1. For K69, go through the aspartates and glutamates and keep the ones whose alpha-carbon is under 12 Å away, minus same-chain ones fewer than eight residues off.
2. Kindly report the accessible area of region 26-67 per residue (heavy atoms of protein chains, probe 1.4 Å, no ligands, DNA or RNA), in Å².
3. In region 45-91, which trypsin sites (Lys or Arg not before Pro) are in a loop and have at most 15 other Cβ atoms within 10 Å, using DSSP for the loop call?
Amino acid sequence: MKKRYAAVLTACLLGTSALAFAEVANLTNSAEGANRDAGLAAVKKKLQDACTDRKGTPDAASFEVVFEKTSDNPDVPKPYYVDGKMKCDLP
């Protein structure tokens, strides 16, 4: 009987704790820009928007550049390409 009460109490505590069901997702995305700063700003904005669309909280300190490349072609309007990732705390 004591085990049943302990199990029910544990289940209730876990059920009422929102943090028990919170998870962290690693989002990745890419963007292009006219220069490095514009490319980084664009990919950060995309990642933050993707996180808030999922009703999460973006962790801006976790932003990381995965890949970056500048096009040698002078006719490309946005020659700077960036891949980035960021953590997103989901409820």
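The values are calculated or read from the model by the stated rules, or taken from the named source; none is laboratory data. It should be emphasised that the depicted structure is a prediction, and the values quoted were computed from it without experimental measurement. Backbone-built Cβ (ideal geometry, glycine too); neighbour counts: all protein chains shown. Ligands, DNA and RNA are stripped out before the accessible areas are found, and what is left, the full protein with its side chains, is counted by its heavy atoms. Shrake-Rupley method; radii C 1.70, N 1.55, O 1.52, S 1.80 Å.
1. Partners found: E32, D83.
2. The answer is 63 Å² per residue.
3. On the way: sites: K45, K46, R54, K55, K69, K85, K87; in loops: R54, K55.
Here the sparse-neighbourhood loop sites are R54, K55.
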